[in-house]
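The values are calculated or read from the model by the stated rules, or taken from the named source; none is laboratory data. Just so it is clear, the structure is predicted and the values come from calculations on it, not from any experiment. Please note: Cβ atoms are built from the backbone with ideal geometry, for glycine as well, and neighbour counts cover all protein chains shown.
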Amino acid sequence: MALVGYARVSTEDQSLDLQTDALTAAGVKQDNLHVEKVSGASAKRPALDYAIKDLREGDTFVVWRLDRLARSMRQLYGRLDAIYAKGAYFRSLQENFDFGTVSGKLVLGVLGLVAEFERQIIAQRTSAGIAALRARRKDKSWGPKVYMTPDRIKRVGELLNGGMTGPKVAEKMGVSTASVYGHWKQVGKGRFVRKRAAHRKRKEI
């Protein structure tokens with residue numbers, strides 16, 4: 001009978017150390033430790049599928065926290081069924097219950113529902129925040145909008161004619177490179193002149 005551990009983080013820049021250290025301290029050997037970096041919302045979890053497939057009767061499948069195993073109640077019960085079908089047991093280090101008992105299964109259901117509810121609340125708050133930001137901005141753009149005022153346009157020209165490249169000027173002024181070249185055109189090596197405003201041309205047509 002072995003302890004089979006599984007650890008997961010959502011992105012490549014996140015560390016697995018907290019989970020793997022806890023699993024190792026709980027008795028999981030390195031040969032039985034399965035890890036992956038993939039979003040919990042992803043349908044493909046190859047390391048998790050392999051870990052469950054590798055279970056033998058009497059083994060215990062161990063995770064650091066319940067939400068490492070599943071993101072919804074449907075996923076949770078599906079994966080637990082797969083674990084129990086192997087004749088194995090399940091253990092979560094943070095939610096320290098015996099989920100093989102009737103009372104443990106009840107607690108498992110409650111914890112799973114709470115975790116799913118929390119994720120939905122976070123998603124709703126995020127969506128509400130984005131909607132509020134867009135409403136205040138009155139458009140769909142992101143980040144602070146920097147307007148090319150006459151003074152800023154003049155400064156852009158000074159920088160260009162001073163030898164700075166368009167991308168460097170854009171970075172310095174906090175605008176896009178397209179905005180830089182939208183107001184100035186190159187007429188010679190290191191020499192730029194101001195373009196006519198496009199809206200003036202449209203009025204003359």
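Points worth noting:
- Contact map, segment 160-173: residues that are touching a residue at least 24 places away in the same chain (Cβ under 8 Å) and under 9 Å from GLY190 (Cα atoms) paired with residues that are of a type in the set (Lys, Arg) and not in a helix (DSSP H, G or I), Cβ distance under 7 Å, separation 6+ or inter-chain. Pairs shown: ASN161/ARG191.
Every residue, every condition in (1) surrounded by fewer than 16 Cβ atoms within 10 Å (Cβ to Cβ); (2) touching a residue at least 12 places away in the same chain (Cβ under 8 Å); (3) of a type in the set (Asp, Glu), yes or no:
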{"position": "HIS34", "(1), (2), (3)": "no, yes, no"}
{"position": "ALA51", "(1), (2), (3)": "no, yes, no"}
{"position": "GLU57", "(1), (2), (3)": "yes, yes, yes"}
{"position": "VAL63", "(1), (2), (3)": "no, yes, no"}
{"position": "GLN75", "(1), (2), (3)": "no, no, no"}
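- Given (1) in contact with a strand residue (DSSP E or B) (Cβ under 8 Å, 6 or more places away or on another chain); (2) at pLDDT 75 or above; (3) not basic (Lys, Arg), number of the condition ALA85 does not satisfy: (1)
- Qualifying residue in segment 10-22 (condition: part of a loop (DSSP other than H, G, I, E, B) and more than 28 Å from GLN120 (Cα to Cα)): no
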